[in-house]
Amino acid sequence: MFLWRWIISSRLHQFVRNHPKSAGVVAAVVTPLIVLTALLGGFNTSTEVGPAETKVGAKVELGPLDVTVHSANYTNKSPAISYKGHPYYLMVRATVVVKNDEPMDASELKNAITVPALKASEESENTDAGELLVDMVENDVIPVLTDDRANNMYVGTDLEYLSDLNPGVPAEVTFAWDIDRKIEPMKNVKIEINDYEFAPLTTLKRENKWLRGSGVAAMELPVTLKMEPEDDTL
């Protein structure tokens, strides 16, 4: 790049010296183009690289773990206790293998897979708790403030609550998001897989913690609809 700049600069200098009148015309034409190109970012090298698109079933290697996403479904039932007006759920199933020497707890593992479209709006995040209770009473539906991270995590085919994962043992993990019942069931969902940054000492006074890093992979999953009859269990 430097060599090309030097060559162009030398040739331009020589042209101006040999053809002073023509140089003025060229400058009048070229200068606006240079300014316009600069304003549009034509001279800037983009450093922003988003998550790379990957396929369902492809293993993604992260710092402390490997994750392979298999499927997603939208359902009105979860392993949690059913109650009247409960949310619906988006559930993403994946195989996770912890490579770190220490067990990884669910709070850290939640960072591995996120759904950017489910990030709660700033307006929702600032909603007063009293307003939520009023909505719940008036509409008989539990209001949901969904985060882009999973609300709950389960392990195994029996979908038991996940507390932590031991190193080196592949585990079938289900990431579950609470979905407001007013939202129509989704046919496809785009997820991101995020890497981790190791923090020997954190502001939470917990040592050797894995923090969420940048997104390294993204994929769009078809969502299978699995709705069951409601039993209004309290």
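The values are calculated or read from the model by the stated rules, or taken from the named source; none is laboratory data. Just so it is clear, the structure is predicted and the values come from calculations on it, not from any experiment. Note: ideal-geometry Cβ built from the backbone for every residue, glycine included; neighbour counts use all protein chains shown. Accessible surface is based on the protein model in full, side chains and every heavy atom, while ligands, DNA and RNA are left aside. Shrake-Rupley method; radii C 1.70, N 1.55, O 1.52, S 1.80 Å.
Data for the structure
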| quantity | calculated |
| --- | --- |
| Sole exception among (1) open to solvent by less than 30 Å² (accessible area, probe 1.4 Å); (2) more than 18 Å from residue 223 (Cα to Cα) for residue 50, by number | (1) |
| Any chance residue 213 is open to solvent by less than 50 Å² (accessible area, probe 1.4 Å), touching a Gly at 6+ places or on another chain (Cβ under 9 Å) and either of a type in the set (Asp, Glu) or at pLDDT below 95 (or both) | yes |
| Pairs where the first residue, in the stretch 154-177, is without any contact (Cβ under 8 Å) to a residue 40 or more places away in the chain and under 16 Å from residue 90 (Cα atoms) and the second is open to solvent by 40 Å² or more (accessible area, probe 1.4 Å) and not in a loop (DSSP other than H, G, I, E, B), C-beta under 8 Å, 6+ apart | 155/161; 155/172 |
| Residues of the stretch 89-116 classified as in contact with a Ser or Thr (Cβ under 9 Å, 6 or more places away or on another chain) and buried (at least 20 other Cβ atoms within 10 Å of the Cβ), total | 7 |
| Residue in the stretch 75-83 that is outside any loop (DSSP other than H, G, I, E, B) and either of a type outside the set (Gly, Ala, Ser) or at pLDDT 75 or above (or both) present | yes |
| Residues satisfying the stated conditions in the stretch 172-202, i.e. part of a strand (DSSP E or B), open to solvent by 80 Å² or more (accessible area, probe 1.4 Å) and over 24 Å from residue 63 (Cβ atoms) | 188 |
| Candidates 92, 169, filtered to the one that is assigned to a strand (DSSP E or B) and at pLDDT 90 or above | 92 |
| Single condition residue 32 does not satisfy, out of (1) open to solvent by 90 Å² or more (accessible area, probe 1.4 Å); (2) at pLDDT below 95 | (1) |
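To keep it simple, each residue is scored yes or no on (1) out of contact with any Asp or Glu (no Cβ under 6 Å at 6 or more places or on another chain); (2) at pLDDT 90 or above; (3) under 19 Å from residue 178 (Cβ atoms).
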site: 98; (1), (2), (3): yes, yes, no
site: 110; (1), (2), (3): yes, yes, yes
site: 115; (1), (2), (3): no, yes, yes
site: 139; (1), (2), (3): yes, no, yes
